[in-house]
Structures are given as structure tokens and as C-alpha cells.
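Right, one structure below, let's go through it.
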Amino acid sequence: VGNNNIDYRDGTHYLVRTTAWADSAGALTWVDSASPPVGVVNATNRLVGATAGDQVGSSVQNLFNGKSLVRSPAWNGNRGAVTWFDDVAGTFGVVDATNSLVGSTPGTTGTARRIQSNAAPASPKCPRRNRWRTAVLWNAT
């Protein structure tokens, strides 16, 4: 655990990226320094990939509003996923279409960057009929 990086969020919280966890499924650990997590890495206490090679948490972009974008471009056979992450309370579970913006075909990995405090173009490389489309991730919380 912790083979990639530790990303500090504020004076109390930080994220530990471990893309090599579980045959490179990847895990992102949210840590509150007042009560650090203990025990086995799993979906109830981390944000994790479901399949070998997902590499969840390969990059994290702090939006400086208590939220971050977690990029996992290798997720699901290079379809890619961007997950909205709560830096204050943590985000836990398996990355999938219910909690992330995900690509539908291999190669839709794209990038994630901040355009406002609540929105980011999350997958500007979504191919459709020889045209490139942009998907926007929005979160009002």
C-alpha cells in the first residue's frame, strides 16, 4: 500500500495512491490523521478497482473545494473512469458506472481538468462516428 504517492488535502486529510494493489486493480485510501484506517484493503474502506489492470487512482486532481477528480485511464480495458472524490469524508467502493464517468469503448481514457469548482471535462476523447466528443462531469455538492 502506498507505492505511488501521498497527496495531502488539508491539515487533516490525505490520499494514498496504490495502483499496484491486487494485481494492479488499484486502491485509493482516504486518511483522516485523527483516526487512520487499519485492516485489509477492500471496497468498504477504499476506492478500488474490480479487475486486474484497472489501476484506480493513477492520478488525482485536487479541485480545492473539498473535492478531487480521481483518474483511472486504464480502468476496464482502457475504457477509463473519472470518479468524483470527497476529500473531507472520503469516497469508498468499487469504481463503476454508478459512481464514475466511464468510457464505453477502449481508448476513451481522456483527461480530467477543472473548469469550475463543480465541473470538469472528464473525457474529451470519446470517439463517436469519427468525431471526438467531450463528456462533462458535474457535481452540485
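Just so you know, all these numbers are worked out from the coordinates, no wet-lab data involved. Quantities reported herein were computed from a predicted structural model and do not represent experimental measurements. Backbone-built Cβ (ideal geometry, glycine too); neighbour counts: all protein chains shown.
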- Query: Where does each of 83-92, 21-30 land if you order them by average Cβ count within 10 Å, highest first?
  - Reply: 21-30, 83-92
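With the Cα gyration tensor of segment 24-89 giving a ≥ b ≥ c as the square roots of its eigenvalues, does the rule (a/c under 1.5 for rounded; else a/b larger than b/c for prolate; else oblate) give rounded, prolate or oblate?
It comes out oblate by the Cα gyration axes.
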